[in-house]
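Note sheet for the following structure.
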Amino acid sequence: MTPVKAPITWRRPGGAGPPEAPVVAAALLALAAAGEVLLRADGRIPLPLALSLALGATAPVAVLAAPARGSGRRTAGAAALTAGAAGMLALAPFHVLTAAGLCGLLFALYRTGRHGPKALAVLLALPFVGYAVAAPSGTGTATRLLAVAVAACAAAASGAGLARTARDTALAKGATDRAIADTLLEHAARGERARIARELHDVVAHHISMIAVQAETGRLTTEGLPPAGAERFLAIGDTARTALTEMRRLLGVLRGDAGPADVPERRPQPGIEQLVELVDEARDASGAALRLIVEGAMRPVDPGVELTAYRIVQEALTNARRHAPGAAVDIELRYAREALILRVRDNGPGPRTTTEGGGVGHGLLGMRERAAMAGGDLRAGPAHLGGFLIEATFPTPSREQAA
């Protein structure tokens with residue numbers, strides 16, 4: 001079998017990778033600056049000095065273009081100072097600033113504003129602005145225009161670097177603030193859910209448990225209790241235990257940190273199909289005449305709408321037992337073309353005077369909120385022929401729209 005040779009990678013001593021774009025860019029700028037100096041040489045400025053200034057303005061690009069970390073930031077600052085001093089000397093006293101040297105100078109100013117100290121970025125641009133403003137009176141027009149152009153470019157380069165730094169800082173701070181706000185909101189929501197769960201467990205669940213215990217105790221200890229009374233006590237106990245099971249399921253949802261052993265068995269949420277059982281249970285418990293009337297062809301609707309309809313009927317039957325005991329109740333469920341209409345009407349005495357003048361009870365408010373969350377609306381008030389009427393409408397797409 002032919003041995004496979006591993007690829008050879010050239011690396012510098014100390015673990016650094018091969019020279020890349022910064023060194024190549026600096027070398028190209030230095031060559032361009034040196035070539036321009038040689039082409040413009042007229043003997044007035046010593047050639048070694050002109051070449052040194054050209055290299056001083058371009059060579060720092062190799063350091064400034066590389067990421068500066070730790071002690072490298074001090075080296076980058078020194079490189080920026082070198083480029084700025086070389087560019088200023090080439091512009092003002094010796095007039096040998098090259099195009100490549102100007103590019104290196106502007107890059108040095110931008111990188112200083114981007115990654116270096118803000119004060120250094122401003123200080124490096126100030127000499128060029130000062131020379132453009134206070135140039136000697138004997139300076140030619142071309143030299144003055146060049147000084148103004150260099151000063152404007154230097155200020156723009158430093159300002160661009162500083163603006164980019166300020167923008168990145170603001171974005172990072174905004175992201176941090178949003179993350180902190182989201183975390184605080186999540187913790188607050190968890191704390192509120194935990195508080196509600198504690199109150200439900202400590203107060204409501206306790207009272208429901210006592211109702212179940214007292215109903216069972218009354219059924220077993222009351223002497224001479226007729227069979228109908230025993231059935232009533234048994235129904236009370238069963239209803240309390242069912243409510244306690246639903247309460248425990250709700251607590252399991254509220255407590256996000258509950259372990260698997262603490263979460264009770266979860267059953268499917270009730271819907272329209274369970275309305276028959278609900279009406280039968282309410283009829284057996286109250287002894288009143290209850291009817292469930294379905295109009296139109298039944299079709300599947302959104303599970304949230306089904307659950308909302310079930311809860312509205314459940315709350316409406318509870319209100320009827322409380323405010324109009326013994327009254328007959330009709331539950332009408334009509335499947336219209338693009339809506340599901342639910343009506344619950346009793347033939348009781350109608351709303352109480354306090355309800356008419358004082359506002360809406362918590363039960364009706366809760367029903368309205370449920371209907372709104374499901375995309376529908378709910379109206380409640382006196383029925384046309386007496387009694388009380390609750391009507392809810394939920395938009396449901398037809399089969400053609402659903403397809």
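Read-outs: derived from the displayed coordinates by stated rules, not from any lab. Please read all numbers here as calculations on a predicted model, not as lab measurements. Positions of Cβ are generated from backbone atoms using ideal geometry, with glycine treated the same way; all protein chains shown enter the neighbour counts.
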| task | Using a 10 Å cut-off on Cβ atoms, rank the peptides 297-305, 388-396, 171-179 from the highest mean neighbour count down. | result | 388-396, 297-305, 171-179
| query | Sequence-distant or interchain residues sharing an amide H contact under 5 Å with D377, placed H: which? | reply | T393
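What does the charge count around D377 come to, taking other residues whose C-beta lies under 10 Å from its C-beta (Lys +1, Arg +1, Asp -1, Glu -1)? Let's see the in-between values first.
On the way: positive: R368, R379; negative: E391.
Taking every other residue near D377 into account, the sum is +1.
Multiply the residue separation of A339 and A289 by 0.36 nm, subtract the distance between their alpha-carbon atoms, and state the gained length in nm to one decimal.
Full-extension gain reported as 15.2 nm.
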| Percent antiparallel among DSSP beta bridges with both residues in the range 272-402, to the nearest 5? | 80
| Pairwise label distance in nanometres, S52 with D302, each label 7 Å out on the Cα-Cβ vector | 8.0
| query | Any idea how far apart L31 and A228 come out in nm if each label point goes 7 Å out from Cα toward Cβ? | reply | 11.1
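In what order do Y110, Y310, Y335 fall by count of nearby beta-carbon atoms within 10 Å, going from fewest to most?
Going from sparsest to densest Cβ surroundings: Y335, Y310, Y110.
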| task | Mind sorting T82, T217 by how few other Cβ atoms lie within 10 Å of their own Cβ, fewest first? | result | T217, T82
| task | Provide Rg and Dmax in Å for the range 272-402, with only Cα atoms included in the calculation. | result | 14.5, 47
| Label-point separation (nm) for T176 and H384, each offset 7 Å from Cα along Cα-to-Cβ? | 6.7
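Among 32-38, 284-290, what's the highest-first ranking by average C-beta atoms within 10 angstrom per residue? It would help to have the intermediate numbers written out before the result.
On the way: 32-38: 18.6, 284-290: 15.6.
So the order, starting with the most tightly packed, is 32-38, 284-290.
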| Taking 0.36 nm per intervening residue step and subtracting the Cα-Cα distance, what contour gain separates A119 from R44 on full extension? | 23.4 nm
| request: Just subtract the alpha-carbon distance of R190 and E369 from 0.36 nm times their residue separation and send over the number in nm, one decimal. | output: 62.2 nm
